[in-house]
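The values are calculated or read from the model by the stated rules, or taken from the named source; none is laboratory data. Please read all numbers here as calculations on a predicted model, not as lab measurements. Cβ placement follows ideal geometry from the backbone for every residue including glycine, while neighbour counts extend to all protein chains displayed. Just the protein is used for accessible areas: all its heavy atoms, side chains included, with ligands, DNA and RNA removed. Shrake-Rupley method; radii C 1.70, N 1.55, O 1.52, S 1.80 Å.
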Amino acid sequence: MSETRKPRPSGDGDLIARVRAAARQEQFLEVVSAEEARARFERHLDLRPLPAETVTLADARDRVLARDVIAAVDAPPFDRSNVDGFAVRAADTVGATDGNPKVLTLNVEVIACGHMPAATVTAGTCTAIATGGVIPRGADAVVMIEQTELIEEGMPRVELHRAALPGQFVSYAGSDIARGETLLRRGTRVSAREIGMLAACGLDRIEVVRRPRVAVLSTGDELVEPGKPLRPAGVYDSNGAIITAAVAEAGGEALMCGAYPDDATALEKAVREALAASDMVVLSGGTSKGAGDLSHRVVSRLGKPGILVHGVALKPGKPLCLGVIGDKPIVVLPGFPTSAIFTFHAFVAPVIRARAGLLPEADKKVTARVPVRVVSELGRKEFMLVSLIEGEEATFAFPTGKGSGAVTSFSQADGFVEIDALSATLDAGSEVHVTLLGGATHALDLVIMGSHDIALDVVVGELADRGFAARTLAVGSLGGVAAISRGECDVAPVHLIDPATGQYNKHLVEPGLSLIPGWRRMQGIVFRPGDKRFEGRSAQEALKIVLSDASALMVNRNSGAGTRVLMDRLLDGTRPAGYANQPKSHNAVAAAIAQGRADWGLAIEPVARLYGLGFLPVSPEHYDFLIIENRRERPALQAFLTSLREEHVRARIRAIGMEPSD
Ligand code: AMP
Ligand code: MG
């Protein structure tokens, strides 16, 4: 260049300086691994749920429960008729047919909904009952009005044309929701279903976690608000909208602050205001090391501890910047939409979820094959977004990559494959583990079928805290044995005594199954306090008295229940009044006794306590778990087994009144 050339006008000088700055390749000072980045960030964060606030059911939808909700009542609250008809003793109906009807005398009472029955159904009688009516003392079944004929002359009587089995058309107390049961778990997001359950238990307000407020700002001279015309060289601000929605999905309350041009002064003012008004700030764009990339410079001026990470060995997402000002996280996501949303899900969403009280999401992985050869960059962990296609013999993972600038890569992906920083290629046909993206599946991690127990809620709660979703279906011990032998569940809680040896559960183990010790629960005779036939006596004494007292009405259990086996052993062949009344749970037995529809039965001690009933111990019952041996290594089953050994879990089981087994 000529030395004699005249100095340029100052406007040009500015431009030259900017050209120089743009051409200068500024380097990230320190690029750290994803694990290191997360560790540095979390060291400065409070990840506990925000304080609780009380909301009415009307405002509860989509909020996160701050505490477990324990059902304080049974639903239904009493044994209830499912049809219009007559409450009967099933034994009186045996053999009834069209040709040989049985005749029962009608008690002088009609049981309408909302009214307690007064008369006892004694042998040879029945009481008219409406759908939803309370089953009267003495009755154990209902016959439909359609299967009867009223005898008009004389005393009111009805002819029955069908025999009824005990329990026919009866919904037992607590069969829907059992008092003392953990109805909903802390960390659950409330939907219409949960609201229905809360209302059925009589709750009109609940405690939820305050939502973290997250301010969302976009940066870039090129950005145009959606809805406005696109000017030349303009780009619609899609990050602002995606991130705002993703904040809400993660349980936060987004404050959408809009898009700001690349002007340090204006941006700093906006970010300071956003920090003051929120619990957390998320910016996107302006985080590379080029000219005009101001976001990280602005963040570095806001206060301590300031920027913790700028540059992560990730593809996409290298320019990610993580900081904390005071106790508030501030994050600058890369501007490219795929990079922005990917890093948001990896680094920001877990923080919002934790503050919002949601439980961590355990990674859900599936195995698939990549149908094409994939070339990766050495030295950076690469996340390849894939879409899953079910093939004839295998599931295939197709890369959806259109580059990190694409908006659609993320939304069309089912998951991602991590490619190690040290591997350069994946050959076509390689087997890979695909981590499914949140919301892509709601698959259950563990299915538990068998006998239900309130201490099981403690173990399931521990699993939920570790991010595993378990579903418990109460089908009784025998139902659980049948389900697990067909492979329909992973765990079957059982408590069945072997009549031959007197031992619990060991006889249920088949090839391929293992028995895992659970806990012991004391079973005993349950009665209303003050009943002289029981109060202050031993179980054996009380049993002798009630078996020779015709007015004493028992309540039994369903066949298949371990407690039923014990009852049959105690009764030794006798069939006292009420034997045919066979509800399916400890709660229903306790409810029937508490409400005077029966006088005694067998149940476990914690349930007797819950209903304020007296308890005479009979014998401890072993509640153990059958598991499918070749599923033992599955993460959720592993977590279940380790939970059983955890001291804090065992302490809570003890507090409920069970003794954990070794
Ligand atoms: P930057 O990180 O600011 O260098 O931006 C990198 C790329 O992402 C550029 O192509 C930007 O136009 C684009 N970008 C930045 N912010 C947004 C946004 N809010 N919405 C859509 N694209 C964006
Ligand atoms: Mg920019």
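Details
- Contacts under 6 angstrom Cβ, first residue in segment 257-270 being over 11 Å from residue 283 (Cβ atoms), partner part of a helix (DSSP H, G or I) and within 13 Å of ligand 2 (Cβ to nearest atom), 6 or more apart: 268/298
- Subset tally (residues that are of a type in the set (Gly, Ala, Ser) and within 11 Å of ligand 1 (Cβ to nearest atom)) for segment 256-278: 2
- Filtered by the rule that a residue be open to solvent by 20 Å² or more (accessible area, probe 1.4 Å) and under 21 Å from residue 470 (Cβ atoms), segment 184-193 gives 185, 186, 188, 189, 191, 193.
- Criterion applied to 299, 281, 235 was being open to solvent by 50 Å² or more (accessible area, probe 1.4 Å), within 41 Å of the chain's Cα centre (by Cα) and within 16 Å of ligand 1 (Cβ to nearest atom), and the one residue passing it is 235.
- Among the residues of segment 229-255, the one identified as without any contact (Cβ under 8 Å) to a residue 60 or more places away in the chain, within 16 Å of ligand 2 (Cβ to nearest atom) and assigned to a helix (DSSP H, G or I) is 240.
- Test for residue 630: is it in contact (Cβ under 8 Å) with a residue 24 or more places away in the chain, among the polar types (S, T, N, Q) and part of a loop (DSSP other than H, G, I, E, B): no
- Residues that are near ligand 1 (Cβ under 10 Å from one of its atoms) and in contact (Cβ under 8 Å) with a residue 24 or more places away in the chain, drawn from segment 191-223: 216, 217, 218, 219, 220, 221, 223
- Test: residue in segment 326-343 that is of a type in the set (A, V, I, L, M), more than 10 Å from ligand 1 (Cβ to nearest atom) and surrounded by fewer than 21 Cβ atoms within 10 Å (Cβ to Cβ): no
- Counting only residues that are within 23 Å of residue 556 (Cα to Cα) and outside any strand (DSSP E or B), segment 52-82 holds 7 of them.
- Residue under evaluation residue 459, criteria (1) surrounded by 21 or more Cβ atoms within 10 Å (Cβ to Cβ); (2) hydrophobic (A, V, I, L, M, F, W, C); (3) over 30 Å from residue 619 (Cβ atoms), criterion not met: (3)
- Condition met for residue 614 (in contact with a strand residue (DSSP E or B) (Cβ under 7 Å, 6 or more places away or on another chain), surrounded by fewer than 24 Cβ atoms within 10 Å (Cβ to Cβ) and within 30 Å of residue 80 (Cα to Cα)): yes
- The listed residue being of a type in the set (Ser, Thr, Tyr) and over 27 Å from the mean Cα position of the chain (by Cα), out of 425, 367: 425
- Scan of segment 569-596 for residues that are closer than 21 Å to residue 481 by Cα and in a helix (DSSP H, G or I), ordered by number: 586
- Meets criteria (at pLDDT 95 or above, more than 21 Å from residue 460 (Cα to Cα) and in contact with a Phe, Trp or Tyr (Cβ under 8 Å, 6 or more places away or on another chain)) for residue 516: no
- Every pair of residues 6+ apart whose Cβ atoms lie under 8 Å, when the first sits in segment 549-565 and is within 13 Å of residue 167 (Cβ to Cβ) while the second is open to solvent by less than 10 Å² (accessible area, probe 1.4 Å) and part of a strand (DSSP E or B): 555/600; 555/601; 556/601; 557/601; 557/602
- Checking each residue in segment 179-210 for being part of a helix (DSSP H, G or I) and in contact with a strand residue (DSSP E or B) (Cβ under 8 Å, 6 or more places away or on another chain) picks out 194, 197, 198, 200.
- Enumeration of residues in segment 147-171 that are touching a residue at least 40 places away in the same chain (Cβ under 8 Å) and either open to solvent by 90 Å² or more (accessible area, probe 1.4 Å) or assigned to a loop (DSSP other than H, G, I, E, B) (or both): 149, 155, 156, 161, 162, 163, 164, 165, 166, 167, 168, 169
- Evaluation of residue 142 against the conditions (1) part of a loop (DSSP other than H, G, I, E, B); (2) buried (at least 17 other Cβ atoms within 10 Å of the Cβ); (3) hydrophobic (A, V, I, L, M, F, W, C) shows that the sole unmet condition is (1).
- Inter-residue pairs, beta-carbon under 6 Å, first in contact (Cβ under 8 Å) with a residue 60 or more places away in the chain and in segment 292-310, second of a type in the set (Val, Ile, Thr) and within 13 Å of ligand 1 (Cβ to nearest atom), 6+ apart: 295/219; 295/287; 295/332
- Selection within segment 211-228: residues that are of a type in the set (Gly, Ala, Ser) and part of a strand (DSSP E or B). The member of this set that is farthest from ligand 2 (Cβ to nearest atom) is 215.
- Residue check, residue 259 at negative phi, of a type in the set (A, V, I, L, M, F, W, C) and not in a strand (DSSP E or B): no
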